[in-house]
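Structure record follows, encoded as structure tokens.
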Amino acid sequence: MPLRRPSPLALSNALQALADILLLLLAWWVAFWLRFNLDLPEEFEQVAITTAPVCVLGYALGLGLMRVHRQVWDFIGLPDLRQLALGVLLGAVLTAAGVLMLRLTNFPRSVMLLHPVLALLLLGGVRAAWRTVAEHPGALRQGRRPLVVVGSLQDASGALRALKGSPQWDPVGIVSPLPAEVGRALQSVRVVGGVGELPEACEFLHARSVLVASPPGSPERREALMLAANAGITLLHMPRADQWLSPQPEGARQVELDDLLGREPVALDVGGLAEMFSGQTVLVTGAGGSIGSELCRQIARFGAARLVCVDLSEYGVYELEQELRQAHPQMEALYYTCNVREEERLRAIACAQRPTVVFHAAAYKHVPLMEEHNAIEALRTNVAGTVHAARAAAACGARRFVLVSTDKAVNPTNVMGASKRLAELMVQAIAAQEPGTEFVSVRFGNVLGSSGSVVPLFTRQIARGGPVTVTHPEIVRYFMTIPEAAQLVLQAGLMGRSGQIFVLDMGEPVKIVELARMLIRLSGKNEQDVPITFTGLRPGEKLYEELLADHETTEPTPHPKLRIAKAAAPLPEVDEVLRWLAEAGADPAPAEVRAWLRRRVPEYGPAADSGRDAGAREHVAHELEADQGVVQLHQPLLQRHR
């Protein structure tokens with residue numbers, strides 16, 4: 001049988017153990033030597049030699065019990081040195097006990113105090129020296145690409161620690177937004193200038209890549225994007241700490257639009273959500289859409305036993321089925337193609353599956369399409385469909401019903417927004433009639449990347465070479481990511497009490513033209529390559545969205561991103577509304593639909609005759625000042641209600 005060669009790891013461990021033994025013996029001899037003022041008498045030389053095996057055995061046992069032998073010297077850090085110190089302390093105690101058992105009358109006791117100090121200095125010093133040599137730029141720089149880090153020294157420290165030992169990236173400089181930090185150094189990496197000097201710094205340091213370490217949404221992130229795009233530099237971003245825990249954690253990656261808008265991760269009541277969904281049946285309407293499908297993903301993640309997915313789109317249901325079957329094979333999932341306007345079908349599904357929670361995300365959401373020729377369709381889907389879903393939830397004994405609403409329901413100037421506001425009122429009216437179910441509405445703004453949003457449109461236009469079409473140079477919108485929106489809907493569903501309307505903290509509104517500019521820069525182009533054209537406001541469109549109506553106020557909740565809208569609004573007669581929708585005919589005149597809506601939703605003022613949009617132009621022009629290359633943000637309108 002051929003002899004097996006020792007593995008490189010075993011050989012390395014053996015050499016490290018041998019080095020530790022030699023260092024312990026050296027410290028033992030030096031302790032005796034120092035005890036006698038560098039002149040060790042012959043009789044004590046014999047004592048040192050006799051007790052040396054006891055020293056080796058005691059320290060080997062102490063260091064072994066503290067698992068010091070498992071340390072990798074190339075990556076030694078402060079936790080490892082603390083572990084080493086505890087091992088040395090334990091070894092000193094065991095060695096002292098062993099020497100006492102030998103009953104040597106002439107053993108110098110001060111050696112037992114000197115030796116652990118010398119041992120710790122030698123063992124720790126050698127390890128620190130080894131790591132210093134291993135991390136020397138000359139030893140690692142070959143094959144690595146130079147990288148400039150954007151951020152203050154505090155922000156850059158985490159990024160530099162994460163990049164230590166990276167086979168791909170070599171941090172060669174820092175550009176900081178703080179002028180006082182220029183000229184200082186962090187982990188031997190020098191701050192070479194401010195963020196505005198990024199192109200010059202990259203040219204001087206021969207770097208073609210930049211890592212943004214600044215917090216999400218910070219001005220230097222956006223400034224770095226604009227400067228990097230003009231100079232042809234690749235912009236990278238380190239994931240947040242919570243993203244390292246995902247099934248497929250990623251390292252430095254290219255900056256995306258989400259990173260620049262700076263939406264912080266949502267703090268969820270994980271225990272409460274798990275209790276609400278674990279082992280339960282949950283029904284989601286509009287499950288094939290952007291928000292509905294993300295709700296399904298999040299609900300599956302919290303351990304739902306059965307997920308009932310309802311959507312009118314056959315393709316949307318098919319895509320969701322393919323995804324969930326692979327991602328959550330243990331969960332029972334049922335997929336129904338159903339129009340929420342079909343009350344009997346929806347009620348039959350709910351009563352057959354008996355969900356404990358119902359999320360109603362099915363709706364028509366496109367403002368211009370719903371404004372003229374499809375106004376009655378918007379009402380029948382968004383209003384009647386909501387009533388059918390809410391009543392089905394009550395009929396099957398569901399504990400909670402959550403309506404996904406929109407900020408366009410606030411002071412609506414279009415049919416779609418007014419239909420969603422009426423849907424909120426209908427849910428509150430049903431809540432008063434059905435005490436056995438908690439009915440909650442959640443209102444939020446635009447979602448990045450959702451179907452029908454501007455981001456996919458702009459992306460397609462940029463891919464074609466432009467132009468990118470923006471309706472108005474001063475139009476602003478609130479944005480959040482799809483996962484954040486879905487998570488906050490779940491959190492509101494957990495916290496809400498019947499009849500409440502939750503308002504999500506959407507952060508700061510963003511000028512759409514600046515959003516277009518960021519997407520152009522992220523594609524590696526500029527406005528000379530892809531021009532931006534302004535097409536004018538479309539029917540029913542407002543320059544800015546609001547999260548609260550003029551007569552509404554809010555009250556806080558335990559969650560920092562959720563507030564409750566408070567307003568005293570007359571509740572409609574549910575059956576009367578349904579009767580009118582059923583008797584309105586196949587294609588009533590849009591003016592007739594709008595006139596009926598104005599009687600049911602007092603705050604509704606069509607843009608064509610309300611004058612609201614003209615006021616919006618003046619308001620936004622005053623609030624937002626143009627600033628080339630940087631997104632202009634103003635304080636959330638929500639703050640005036642807090």
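If the condition is being surrounded by 14 or more Cβ atoms within 10 Å (Cβ to Cβ) and assigned to a strand (DSSP E or B), then the stretch 172-203 contributes Val172, Gly173, Ile174, Val175, Ser176, Leu186, Val189, Arg190, Val191, Val192, Gly193, Gly194. When residues in the stretch 581-601 are screened for being in a helix (DSSP H, G or I) and either of a type outside the set (A, V, I, L, M) or open to solvent by less than 10 Å² (accessible area, probe 1.4 Å) (or both), 11 of them pass. One residue stands out in the stretch 90-142 among those that are outside any helix (DSSP H, G or I) and in contact with a Lys or Arg (Cβ under 8 Å, 6 or more places away or on another chain): the one that is modelled with the lowest pLDDT, namely Glu135. Scoring Leu283 on the criteria (1) surrounded by fewer than 18 Cβ atoms within 10 Å (Cβ to Cβ); (2) at pLDDT 85 or above leaves a single failure, condition (1).
Counted as qualifying within the stretch 290-367 are the helices (runs of 4 or more DSSP H) with 2 or more residues that are in contact with a Phe, Trp or Tyr (Cβ under 7 Å, 6 or more places away or on another chain), namely 290-301, 314-327.
Quick one: which of Val620, Val574, Val601 is touching a Leu at 6+ places or on another chain (Cβ under 6 Å) and modelled with pLDDT of 50 or more?
Val601
Of all residues in the stretch 564-604, none satisfies the criterion of being farther than 26 Å from Ser498 by Cα, in contact (Cβ under 8 Å) with a residue 40 or more places away in the chain and among the aromatic types (Phe, Trp, Tyr). Of all residues in the stretch 367-375, none are over 24 Å from Tyr604 (Cβ atoms) and over 31 Å from the mean Cα position of the chain (by Cα).
In summary, strands (runs of 3 or more DSSP E) completely within the stretch 419-479 and bearing 2 or more residues that are modelled with pLDDT of 90 or more occur at 438-444, 468-470.
Can you say whether Leu102 is more than 43 Å from the chain's Cα centre (by Cα), open to solvent by 30 Å² or more (accessible area, probe 1.4 Å), over 20 Å from Leu15 (Cα atoms) and free of Cβ contacts under 8 Å to residues at least 60 places away in the same chain, as far as the supplied structure shows? Judged against the criteria, Leu102 is a match.
In this structure, Leu548 does satisfy being surrounded by 17 or more Cβ atoms within 10 Å (Cβ to Cβ) and either modelled with pLDDT of 75 or more or assigned to a loop (DSSP other than H, G, I, E, B) (or both).
Evaluate the following for Arg640: is it over 26 Å from Arg341 (Cβ atoms) and at pLDDT below 80?
Values: over 26 Å from Arg341 (Cβ atoms): yes; at pLDDT below 80: yes.
Spelling it out, Arg640 is indeed over 26 Å from Arg341 (Cβ atoms) and at pLDDT below 80.
Taken over the stretch 312-336, the criterion of being touching a strand residue (DSSP E or B) at 6+ places or on another chain (Cβ under 7 Å) and surrounded by 14 or more Cβ atoms within 10 Å (Cβ to Cβ) is satisfied by Leu312, Val317, Leu320, Glu321, Leu324, Met331, Ala333, Leu334, Tyr335, Tyr336.
For residues that are surrounded by fewer than 22 Cβ atoms within 10 Å (Cβ to Cβ) and either assigned to a loop (DSSP other than H, G, I, E, B) or not acidic (Asp, Glu) (or both), scanning just the stretch 208-224, find the one that is modelled with the lowest pLDDT. So, considering only residues that are surrounded by fewer than 22 Cβ atoms within 10 Å (Cβ to Cβ) and either assigned to a loop (DSSP other than H, G, I, E, B) or not acidic (Asp, Glu) (or both), the one modelled with the lowest pLDDT is Gly217.
Among the conditions (1) closer than 27 Å to Glu592 by Cα; (2) part of a helix (DSSP H, G or I); (3) of a type outside the set (D, E, K, R); (4) in contact with a strand residue (DSSP E or B) (Cβ under 8 Å, 6 or more places away or on another chain), the only one that Ala394 does not satisfy is (1).
Screening Ala48, Ala60 for residues that are within 16 Å of Gly124 (Cα to Cα) and either part of a helix (DSSP H, G or I) or at pLDDT 85 or above (or both) leaves exactly one candidate, Ala60.
Can we say Ala375 is open to solvent by 30 Å² or more (accessible area, probe 1.4 Å) and either under 20 Å from Leu334 (Cβ atoms) or in contact with a Pro (Cβ under 6 Å, 6 or more places away or on another chain) (or both)? Criteria not met by Ala375.
Cβ-Cβ distances below 7 Å connect the following pairs, each with a first residue in the stretch 258-280 that is modelled with pLDDT under 80, a second residue that is in a helix (DSSP H, G or I) and open to solvent by 50 Å² or more (accessible area, probe 1.4 Å), and a separation of six or more residues or different chains: Pro265/Asp242. Against the list (1) within 21 Å of Ile291 (Cβ to Cβ); (2) surrounded by fewer than 20 Cβ atoms within 10 Å (Cβ to Cβ), the condition Ala352 fails is (1). Being within 29 Å of the chain's Cα centre (by Cα) and at pLDDT below 80: is that true of Val510 here? Spelling it out, Val510 is indeed within 29 Å of the chain's Cα centre (by Cα) and at pLDDT below 80. Within the stretch 524-543, is even one residue hydroxyl-bearing (Ser, Thr, Tyr), at pLDDT below 75, open to solvent by 40 Å² or more (accessible area, probe 1.4 Å) and more than 22 Å from Val447 (Cα to Cα)? Within the stretch 524-543, none of the residues are hydroxyl-bearing (Ser, Thr, Tyr), at pLDDT below 75, open to solvent by 40 Å² or more (accessible area, probe 1.4 Å) and more than 22 Å from Val447 (Cα to Cα).
Taking the stretch 397-418 as the range and being open to solvent by 10 Å² or more (accessible area, probe 1.4 Å), in contact with an Asp or Glu (Cβ under 8 Å, 6 or more places away or on another chain) and part of a loop (DSSP other than H, G, I, E, B) as the test, only Arg399 passes.
The values are calculated or read from the model by the stated rules, or taken from the named source; none is laboratory data. Here the structure is a predicted model, which means the values were calculated and not measured. When we count neighbours, we look across all protein chains shown, and the Cβ atoms used for this are built from the backbone with ideal geometry, even at glycine. Just the protein is used for accessible areas: all its heavy atoms, side chains included, with ligands, DNA and RNA removed. Shrake-Rupley method; radii C 1.70, N 1.55, O 1.52, S 1.80 Å.
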